[in-house]
Amino acid sequence: MDLKAGRPLAPHEIAELLQEARARTLLLVGPLSDADLRRQHDPLMSPIVWDLGHIAHFEEVWLLENLEGAGGSEGLRGMYDPFQNPRSVRYQLPLPGARDAREFLGRIRRRVLESLHGVAASVDGPLLRDSFVYRMVLQHEYQHDETILQTLQLKEGGRYPAPRAAEPPVPVAPAERPDPGAMVRFPGGRVTVGTDDRSQAYDNERPAHAVELAPFWIDAAPVSNGDFLAFMQDGGYQRPELWNDEGFAWISQQGITAPKAWRRGDGDWTERFFDRVRPLDPDRPVCHVCYWEADAFARWAGKRLPTEFEWEAAATWDPVAGSRQAYPWGDEPATPERANVDALTFDTAPLWSYPGNVSPVGCYGMIGDVWEWTSTDFHGYPGYETFPYPEYSEVFFGDEYKVLRGGSFATRTGAIRSTFRNWDYPIRRQIFAGFRCARDAGEPVS
């Protein structure tokens, strides 16, 4: 079931969506021991049991205290306040065991379900209008599911036994695809980006507004493992002229010479996703690269990274019709049949496995598989208004973060759309991120 944007949800729809989200969370953590749940597997990530408690506390604050309390809520607090307790120190908190964390999740959920019939029918106030607050809580759990999967990709000890329930479809034959490295031209002009939706979009996606774009070329598909291997074989990691000074200093200090999930043995590269290790597939999108790696590759290729508005225009705008659609393939929401999303493949897919995942100008795979780095710093749009709390978007605005678009294989279908803006530090490699390149239209395409 999708989130049915643009109208209020009935109580039974809310209950069904909440229960489905929780079933997925519990599926992901089901194979883990109590020790695995409490361990901090990487300094960048929380102990997973913290994520579980935070999911429950967020739901408690927004669906119980803010809706039932006469004076509202004091907000997130205690050990589940992410600002008071950053990821690097969460392992030091008095974290619950697995049993207590599940009991907390269940207790809050039972209270929420009991309250639905008394609250959900009301449309008073912006939190309840079009069921926004329920969609926000759902998306929060969806997003933490992806965060948990990032942690499990970094898991210490035995590899995480991913509960795979799907495999990507067989890709279309090479003769039916664009040539490797093909680019498509966007003619430029005045286009609409962002959204005015207030039923599920976050505040940083609003408002919809027009921007003027110069013509540009953009890669027809994400950069592949094979493309990135060619960059490495040409000394890409050792050539400072390809790198931003800050980025080259960082990769040199960290000793980085390949994407995070790649390993070399007996002369050949392998790539690991959770418990599955396979020979490097040159036809899959490169994953687990940071912004600086993407930027260096683009320079090596004689290109650049797209801006986020170029990305959104290439994903949604139909230059012939002079209008946009909600997703690259049309207005129907993302599903695992349309794109490699919703996590249950637990892996990227070979390029051109989802032939319908193509935008009006011919860009493939702009939703799913890997988040795509853009060159844009994370700021609010003109006319931005914080809602419902500044800690989701506003406190992160600035030039420290780069925007990513499009979602990954680990993104739940209810937490991705063409206007969705992710952001992270340019050094981050634990996210399921890749990229595609762009070029000004005045430059020839080889």
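Within the range 34-52, the set of residues being open to solvent by less than 50 Å² (accessible area, probe 1.4 Å) and either outside any helix (DSSP H, G or I) or of a type in the set (Asp, Glu) (or both) comprises Asp36, Gln40, His41, Asp42, Met45, Ser46, Pro47, Asp51.
Determine if the range 220-227 includes at least one residue that is surrounded by fewer than 18 Cβ atoms within 10 Å (Cβ to Cβ) and either touching a residue at least 12 places away in the same chain (Cβ under 8 Å) or at positive phi (or both). Walk me through how you get there before you give the answer.
Here is the first cut: in the range 220-227, the ones surrounded by fewer than 18 Cβ atoms within 10 Å (Cβ to Cβ) are 226.
Still in the running and either touching a residue at least 12 places away in the same chain (Cβ under 8 Å) or at positive phi (or both): 226.
Yes: the range 220-227 contains one or more residues that are surrounded by fewer than 18 Cβ atoms within 10 Å (Cβ to Cβ) and either touching a residue at least 12 places away in the same chain (Cβ under 8 Å) or at positive phi (or both).
Scanning the range 315-326 turns up no residue that is closer than 30 Å to Gln254 by Cβ, modelled with pLDDT of 95 or more, open to solvent by 20 Å² or more (accessible area, probe 1.4 Å) and part of a loop (DSSP other than H, G, I, E, B).
Do the conditions hold for Glu176, that is, is it out of contact with any Lys or Arg (no Cβ under 8 Å at 6 or more places or on another chain), open to solvent by 50 Å² or more (accessible area, probe 1.4 Å) and within 19 Å of Leu27 (Cα to Cα)? Answer is no for this residue. Note on the range 251-276: residues that are among the charged types (D, E, K, R) and within 18 Å of Asp295 (Cα to Cα) amount to 1. The requirement of being out of contact with any strand residue (DSSP E or B) (no Cβ under 7 Å at 6 or more places or on another chain) and not in a helix (DSSP H, G or I) is not satisfied by Ile251. Suppose the filter is under 15 Å from Thr147 (Cα atoms), under 20 Å from the mean Cα position of the chain (by Cα) and open to solvent by 30 Å² or more (accessible area, probe 1.4 Å); does Arg24 pass it? Judged against the criteria, Arg24 is not a match.
Results for (1) surrounded by fewer than 24 Cβ atoms within 10 Å (Cβ to Cβ); (2) not in a strand (DSSP E or B), shown as yes or no for each residue.
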| residue | (1), (2) |
| --- | --- |
| Gly407 | no, yes |
| Phe420 | yes, yes |
| Trp423 | yes, no |
| Ile427 | yes, yes |
| Gly442 | yes, yes |
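Kindly indicate whether Trp300 is in contact with a Leu (Cβ under 6 Å, 6 or more places away or on another chain), among the aromatic types (Phe, Trp, Tyr) and open to solvent by 70 Å² or more (accessible area, probe 1.4 Å). When the stated conditions are applied, Trp300 passes them.
Here Glu60 meets the list (1) at pLDDT 90 or above; (2) part of a loop (DSSP other than H, G, I, E, B) almost entirely, failing just condition (2). Taking the range 352-385 as the range and being over 18 Å from Val193 (Cα atoms) and touching a residue at least 60 places away in the same chain (Cβ under 8 Å) as the test, the residues that pass are Trp352, Ser353, Tyr354, Pro355, Gly362, Tyr364, Gly365, Asp369, Val370, Trp371.
Kindly evaluate Pro282 against the criterion of being closer than 23 Å to Glu205 by Cβ, modelled with pLDDT of 95 or more and in a loop (DSSP other than H, G, I, E, B). Show your work before the answer.
Details: closer than 23 Å to Glu205 by Cβ: no; modelled with pLDDT of 95 or more: yes; in a loop (DSSP other than H, G, I, E, B): yes.
For Pro282, the condition - closer than 23 Å to Glu205 by Cβ, modelled with pLDDT of 95 or more and in a loop (DSSP other than H, G, I, E, B) - is not met.
The C-beta contact set for the range 307-321 (first residue of a type in the set (A, V, I, L, M, F, W, C), second residue open to solvent by 50 Å² or more (accessible area, probe 1.4 Å), distance under 7 angstrom, 6+ apart or interchain) comprises Trp317/Arg324; Trp317/Pro360.
Suppose we filter the range 235-283 for residues that are in contact with an Asp or Glu (Cβ under 8 Å, 6 or more places away or on another chain), within 21 Å of Arg164 (Cα to Cα) and open to solvent by 10 Å² or more (accessible area, probe 1.4 Å); how many remain? The total comes to 7. Restricting attention to the range 99-113, which residues are open to solvent by less than 10 Å² (accessible area, probe 1.4 Å) and of a type in the set (Gly, Ala, Ser)? Scanning the range 99-113 gives a single hit, Ala101. May I ask you to say which residue of Pro96, Pro31 is open to solvent by 10 Å² or more (accessible area, probe 1.4 Å), free of Cβ contacts under 8 Å to residues at least 60 places away in the same chain and not in a helix (DSSP H, G or I)? Checking each option against the conditions leaves just Pro96. Can you work out which of the residues in the range 342-381 that are in a strand (DSSP E or B) and in contact with an Asp or Glu (Cβ under 6 Å, 6 or more places away or on another chain) is surrounded by the most Cβ atoms within 10 Å (Cβ to Cβ)? Within the range 342-381, the match that is surrounded by the most Cβ atoms within 10 Å (Cβ to Cβ) is Thr374.
Only residues that are open to solvent by 40 Å² or more (accessible area, probe 1.4 Å) and over 30 Å from His209 (Cβ atoms) were counted across the range 179-199, and they come to 3.
The values are calculated or read from the model by the stated rules, or taken from the named source; none is laboratory data. A quick note: this is a predicted structure, and the numbers were derived from the prediction, not measured. All Cβ positions, even for glycine, are placed from backbone atoms using ideal geometry, and neighbour counts span all protein chains on display. Quick note on the areas: whole protein, heavy atoms, side chains included, nothing else; ligands and nucleic acids left out. Shrake-Rupley method; radii C 1.70, N 1.55, O 1.52, S 1.80 Å.
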